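Please read the structure below before turning to the comments.
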């Protein structure tokens with residue numbers, strides 16, 4: 001008997017505690033319920049088989065629900081905590097908490113988590129995480145993360161967009177855009193754009209743009225990296241890196257690419273540099289391995305690129321030679337400077353009447369460092385001559401010029417090298433030439 005009375009006392013105490021918890025929760029949400037009641041009706045738990053057949057009856061769009069479970073889908077005024085629908089869920093006003101649908105979620109605005117198999121659509125703003133199989137679309141600002149298999153679209157973005165195809169923010173972006181094909185920011189970009197194909201920012205970029213093909217922005221402060229081209233309509237403070245081309249107005253930093261174009265760029269690193277306030281020249285030169293080359297040099301105040309082609313009178317089976325390289329200016333006076341050049345030279349393997357074997361026996365690759373004093377004779381004319389340090393890899397059957405043999409510092413022959421039986425030769429040489437500036 002005493003045990004039963006004790007159990008009853010415990011149950012009563014638990015009931016009192018439960019009632020107190022309910023009262024506290026009701027008080028905490030009283031103001032929110034009052035606001036919801038002013039615009040519609042409140043249901044703490046709503047269940048429906050399909051629209052019109054459920055707890056809220058036919059006029060479901062008038063209700064604010066705390067929790068909803070819908071076999072197919074339903075329409076409500078607001079959702080406060082949890083919504084689960086087999087196919088779709090539509091919230092005309094504010095969706096808070098978790099909203100899950102098999103295919104489509106829609107809300108006027110909200111915060112929390114939206115998860116759907118196909119599309120999450122928002123008329124206004126959203127704070128939180130939206131995840132969909134195909135697309136996330138928000139007409140207003142998104143503060144949080146959008147993840148989809150196809151496309152993410154928002155107004156302004158404060159957070160991250162991760163998608164398989166396209167990440168689009170109609171306004172500015174502060175955060176990260178990651179897409180398999182394209183990133184687009186309709187305003188300024190403060191953060192990182194990563195795209196498999198194209199990164200576009202209609203405004204200024206502070207951070208990084210990295211894409212598999214092309215990057216575009218109005219101004220750039222940071223890093224641009226693209227497989228094909230980086231294009232900035234305005235100024236760049238930082239680094240542009242591209243396998244093909246970089247284009248900007250004024251560059252305070254470095255451009256690295258096959259072709260660099262700018263009005264002002266002191267440190268372009270590429271074979272062809274079209275710099276408006278830089279320097280371009282055509283020249284003719286002769287070196288110790290017998291190459292008479294026609295060269296084109298172009299660059300900025302400190303660095304420049306070199307390309308050239310010419311004739312070699314020593315190696316008659318491979319008489320046509322080509323070269324490419326990079327140089328660094330060391331200005332001393334207006335009329336005198338010392339240039340440091342790093343060049344690669346090799347022949348064009350053209351089969352002659354002597355046959356393929358003779359051509360293959362004449363193969364070589366020469367890598368050189370040149371220290372070249374330049375003298376300005378007049379405004380558009382320079383002469384230069386200097387010492388070179390060369391390392392030549394060649395077929396062991398190739399007979400080296402006498403001048404090369406005389407300047408040899410070290411030589412080694414190995415089997416199984418670049419040319420089969422390969423000879424490596426380290427030697428000192430010379431180079432001299434003239435330049436016409438334009």
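Conditions tested, residue by residue: (1) under 25 Å from residue 318 (Cβ atoms); (2) modelled with pLDDT under 95.
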position: 246; (1), (2): no, no
position: 275; (1), (2): no, no
position: 286; (1), (2): yes, no
position: 289; (1), (2): yes, yes
position: 298; (1), (2): no, no
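Looking at 242, 211, can you tell me which residue is surrounded by 19 or more Cβ atoms within 10 Å (Cβ to Cβ), outside the structural domain of residue 133 (by TED's automatic domain parsing) and in contact with a strand residue (DSSP E or B) (Cβ under 7 Å, 6 or more places away or on another chain)? Don't jump to the end; show me each part of the working.
Values: 211 fails: outside the structural domain of residue 133 (by TED's automatic domain parsing).
Step by step, each of 242, 211 is checked, and only 242 is surrounded by 19 or more Cβ atoms within 10 Å (Cβ to Cβ), outside the structural domain of residue 133 (by TED's automatic domain parsing) and in contact with a strand residue (DSSP E or B) (Cβ under 7 Å, 6 or more places away or on another chain).
So which residues in the range 45-79 are within 19 Å of residue 123 (Cα to Cα) and outside any strand (DSSP E or B)?
Selection gives 61, 62, 77.
The values are calculated or read from the model by the stated rules, or taken from the named source; none is laboratory data. What you see is a predicted model, and the numbers here were worked out from it, not measured in a lab. Reconstructed Cβ throughout: ideal geometry from the backbone, glycine too, with neighbour counts over all protein chains shown.
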